[in-house]
Amino acid sequence: MNIALMAGSLAGVLMLAFIARALGLGGAVLADAAEACAIAEAEQPGFIADRAVLDADRAGALVTGIDGRALRVRRHGAQFVAESLDG
């Protein structure tokens, strides 16, 4: 493979990564437990959140409902999704 082609490809990838970071894409964080609860309730119909525990970097949370169900709220790109842990 041509060295110039490899260097150009690497430069392009690094430039796209820099642009994404400059625009603030990805890296979303949860503001607080109330936001995690709101996301869980919006993602799972009929789910009523009771409490939430955020992880250290605020990229996810464990939300328990008043009925005992548990949901994991996690980052998926620039958005958050809620997944059931009850199987």
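What are the pairs, 6+ residues apart or on separate chains, where a residue within region 7-29 that is under 24 Å from ALA59 (Cα atoms) has its Cβ under 9 Å from a residue that is part of a helix (DSSP H, G or I)?
Matching pairs, first to second residue: LEU25/ILE19; GLY26/ALA20; GLY27/ARG21.
To keep it simple, each residue is scored yes or no on (1) assigned to a strand (DSSP E or B); (2) surrounded by 11 or more Cβ atoms within 10 Å (Cβ to Cβ).
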{"position": "SER9", "(1), (2)": "no, yes"}
{"position": "LEU30", "(1), (2)": "no, yes"}
{"position": "GLU35", "(1), (2)": "no, yes"}
{"position": "PHE47", "(1), (2)": "no, yes"}
{"position": "ALA56", "(1), (2)": "no, no"}
{"position": "ALA61", "(1), (2)": "yes, yes"}
{"position": "LEU71", "(1), (2)": "yes, yes"}
{"position": "ARG74", "(1), (2)": "yes, yes"}
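Is region 7-29 home to any residue that is touching a helix residue (DSSP H, G or I) at 6+ places or on another chain (Cβ under 7 Å) and at pLDDT below 95?
Yes, there is a match, as at least one residue in region 7-29 is touching a helix residue (DSSP H, G or I) at 6+ places or on another chain (Cβ under 7 Å) and at pLDDT below 95.
The values are calculated or read from the model by the stated rules, or taken from the named source; none is laboratory data. Quick caveat, the model's predicted, so the values are computed rather than measured. Neighbour counts run over all protein chains shown; Cβ positions are idealised from the backbone, glycine included.
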